[in-house]
Amino acid sequence: MKKIIISPILVGVICLLGASCMKKDINGDSKNLVSGSYITLDSVISENLDFSNPTAAVSIKVGSKGSPVASVDIYVAKNADDSRDTTQWVKIKNVPYSDGVTLSVSTAELATALAPDVISPGTSYTLQNVVNTKDGRKFSVLNTPDTYNSFPAYNMAITWSAIAVCPFDQSAAVGSYVVSYDGDWQDFSNGSPITVTAGPDSKTIEFLAYPSPAAGGTNRQPWIVKVDPATGAATMATQYVGDYPGSPNSQASAKGFVFSCTGVITLSVSITYGGSNYTGLRFILKKP
């Protein structure tokens with residue numbers, strides 16, 4: 001699991017992002033700090049993209065915190081394994097900001113940005129928001145600490161997804177996978193093997209994940225993931241998943257997609273650890 005260490009420097013960054021801090025909590029005078037900015041997720045309107053319909057769109061409604069926002073640049077990260085690789089970011093468009101604005105990306109816009117590659121059914125595309133403030137600064141995943149994305153209180157909308165859906169086939173979904181991404185919680189190394197088996201019925205799969213043996217996990221329980229046959233949308237209800245050293249009775253829930261057509265499982269996980277709840281933890285499995 002991710003080890004979260006709060007240092008004076010990080011506390012200062014929290015102040016930059018708009019949280020309140022007392023002078024005694026930081027090194028230096030708070031009047032010397034400059035307010036940063038980020039956009040918040042008010043609601044997800046749609047994250048499923050009908051790749052066969054050029055006018056279909058994914059969209060989210062956003063607000064903002066901190067310095068006044070002038071506009072938001074939306075990029076797509078073409079490197080699915082490392083969405084922070086800016087050399088593979090392609091700008092889709094700029095959207096003028098107003099409170100409660102809707103950010104949307106159509107199939108046609110995404111296809112243009114990805115060209116000459118084509119939209120692949122069963123693929124989740126990471127969209128990156130870059131906030132442009134009225135005083136000329138930029139804020140994005142590149143200068144916002146990763147830790148803050150997992151805290152519900154911030155409700156950040158730094159990244160979001162456009163998911164080209166495909167139907168679920170349980171027989172195609174089961175088998176051997178490897179961990180492609182666990183950088184948010186860090187229980188597994190990339191390439192760690194995980195076996196996915198059929199669940200209690202034709203619409204479910206199951207596998208062992210958090211807590212991992214490498215993190216000292218014991219009494220591990222299989223995750224039971226329910227999948228929508230039409231779209232591959234996946235949900236895991238809150239369940240007991242096992243014990244961490246010093247933190248027994250850990251529970252987890254998840255939502256995401258099981259793409260049986262491409263052998264990819266992409267989940268956003270919430271887990272209780274040490275009495276706290278951590279959300280938005282990306283966990284991606286792929287068939288080798």
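Just a few scattered comments:
- The set of residues from region 180-200 being closer than 15 Å to Lys287 by Cα and either crowded, with 20+ Cβ neighbours inside 10 Å or not hydrophobic (A, V, I, L, M, F, W, C) (or both) comprises Ser180, Tyr181, Asn190, Gly191, Ser192, Pro193, Thr195, Val196, Thr197.
- The strands (runs of 3 or more DSSP E) found entirely in region 24-141 that carry 3 or more residues being modelled with pLDDT of 90 or more, within 16 Å of Ile158 (Cβ to Cβ) and in contact with a strand residue (DSSP E or B) (Cβ under 6 Å, 6 or more places away or on another chain) are 37-46, 57-66, 69-77, 89-96, 124-133.
- For region 142-187, a residue qualifies if it is polar (S, T, N, Q), assigned to a loop (DSSP other than H, G, I, E, B) and either in contact with an Asp or Glu (Cβ under 9 Å, 6 or more places away or on another chain) or at pLDDT 90 or above (or both), and the qualifying residues are Ser150, Asn155, Gln186.
- Taken over region 207-220, the criterion of being assigned to a loop (DSSP other than H, G, I, E, B) and buried (at least 17 other Cβ atoms within 10 Å of the Cβ) is satisfied by Leu208, Ala209, Tyr210, Pro211, Ser212, Gly217.
- For Pro116, the stated conditions do not hold, so it cannot be described as under 14 Å from Tyr38 (Cβ atoms) and out of contact with any Asp or Glu (no Cβ under 6 Å at 6 or more places or on another chain).
- Failed criterion for Tyr181 (all others in (1) outside the structural domain of Thr87 (by TED's automatic domain parsing); (2) farther than 23 Å from Thr86 by Cα hold): (2)
The values are calculated or read from the model by the stated rules, or taken from the named source; none is laboratory data. Predicted, not measured: the structure shown is a model, and the values here were computed from it. Every residue, glycine as well, gets a Cβ built from its backbone with ideal geometry; the counts of neighbours run over all protein chains shown.
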